[in-house]
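Written out below as structure tokens is the structure these notes cover.
The values are calculated or read from the model by the stated rules, or taken from the named source; none is laboratory data. All of these numbers come straight from a predicted model, not from anything done at the bench. Note: ideal-geometry Cβ built from the backbone for every residue, glycine included; neighbour counts use all protein chains shown.
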Amino acid sequence: MYVWVAAALAVASCGFMLVSLVTLRAVRRERALLAATRAVVATSGAPGDPEYAGAGLMADESVAAGAMLGTILEADVTALNARLSAARTGVADLGAKAELDRVADKLREATTEAHLWRTVPEGREHLTAATGALASAGRHLSRASALAIGRPAPADAPPCLFDPAHGPATREVEWAPHPSTAPRRIPVCEADHARVASGRAAAVRSVIGPGGQQPYYDTPGYGDWLLGYFTGYDPYQVARLLDGTVLGRQIPGRITSRGRHAADTGGDVGTVHFA
Ligand SMILES: [Zn+2]
């Protein structure tokens with residue numbers, strides 16, 4: 001009997017050590033990212049400075065925001081893969097199945113683009129392509145979900161502005177990012193619409209920034225990530241939706257740096273339309 005008790009204790013302590021190691025690694029990684037972000041922000045001004053969204057951004061992104069972007073990109077691919085697996089269970093409609101196959105294609109594309117972004121020097125376009133593929137995967141998943149229950153597939157829509165990983169917007173709400181900024185109507189997902197309508201806080205995407213966990217739209221370096229999610233819509237409109245935030249100031253510079261404008265027929269043309 002003592003042998004069994006000793007064996008059980010050994011297994012339990014191994015499990016505890018494993019969990020502790022994993023937790024420790026996660027905490028260390030988060031601290032390292034936060035320290036890197038603080039170092040970057042210390043050399044590139046502060047929100048509100050006219051030059052904050054300026055030329056230093058690319059160098060910043062390769063250090064701290066780049067590491068965080070890699071983490072959230074991985075998380076978004078993993079989350080969509082999990083939703084794809086769940087959606088495949090028991091689905092019989094052929095149209096829905098075809099849409100789910102397109103989700104899988106787009107997730108592979110996102111993974112490839114994310115890899116290229118990490119490995120190709122000056123490969124910022126690949127970050128935008130990765131989140132563009134994720135947005136497309138989200139739209140195909142929404143169509144599959146509707147078709148699977150006998151409903152017509154929804155029309156294309158821009159992603160939820162509170163967190164583009166929530167998928168396509170179905171509603172709009174009036175929102176101001178800060179008490180001092182003017183309210184505007186923004187596209188949001190069904191769940192966030194319900195939260196706001198009942199007086200609760202929206203599920204805003206938070207990332208690690210200079211102040212710790214904070215909304216992505218007030219964190220430098222997420223412009224290309226966000227613009228990819230809004231591929232096919234007017235990028236200047238995206239900036240206007242985030243007027244009064246860090247990204248609202250940075251995005252016009254990111255568009256110009258790519259040599260694209262809202263009037264370019266070959267660029268990110270279109271308007272952000274609301275349901
Ligand atoms: Zn949402």
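Residue by residue, here is whether (1) at pLDDT below 95; (2) part of a loop (DSSP other than H, G, I, E, B); (3) among the polar types (S, T, N, Q) holds:
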{"position": "196", "(1), (2), (3)": "no, no, no"}
{"position": "200", "(1), (2), (3)": "no, yes, no"}
{"position": "262", "(1), (2), (3)": "yes, yes, no"}
{"position": "269", "(1), (2), (3)": "yes, yes, no"}
Checklist outcome for this item: Checked the stretch 195-215 for anything more than 10 Å from the ligand (Cβ to nearest atom) and free of Cβ contacts under 8 Å to residues at least 60 places away in the same chain; matches are 197, 198, 199, 200, 201, 206, 211, 213, 214, 215
Item to check | Residues of the stretch 218-228 satisfying the condition of being buried (at least 24 other Cβ atoms within 10 Å of the Cβ) and outside any loop (DSSP other than H, G, I, E, B) | outcome: 223, 224, 225, 226, 227, 228
Checklist entry - Which numbered condition trips up residue 48, out of (1) within 23 Å of residue 206 (Cα to Cα); (2) assigned to a loop (DSSP other than H, G, I, E, B); (3) at pLDDT 65 or above? => result (3)
Checklist entry - Which number in (1) in a helix (DSSP H, G or I); (2) farther than 21 Å from residue 79 by Cα; (3) of a type outside the set (A, V, I, L, M) marks the one condition that residue 177 misses? => result (1)
Next on the checklist: Let me spell it out: the conditions are (1) over 19 Å from residue 254 (Cα atoms); (2) in contact (Cβ under 8 Å) with a residue 12 or more places away in the chain, and residue 119 meets all of them except one. Which number is the exception?
Outcome noted: (2)
Item to check | Which numbered condition residue 172 fails, given (1) part of a loop (DSSP other than H, G, I, E, B); (2) within 12 Å of the ligand (Cβ to nearest atom); (3) surrounded by fewer than 21 Cβ atoms within 10 Å (Cβ to Cβ) | outcome: (1)
Checklist entry - In the stretch 94-128, how many residues are touching a Leu at 6+ places or on another chain (Cβ under 8 Å) and either closer than 17 Å to residue 223 by Cα or surrounded by 15 or more Cβ atoms within 10 Å (Cβ to Cβ) (or both)? => result 15
Checklist entry - Scanning for something surrounded by 16 or more Cβ atoms within 10 Å (Cβ to Cβ) and within 16 Å of the ligand (Cβ to nearest atom), does the stretch 143-152 turn up at least one residue? => result yes
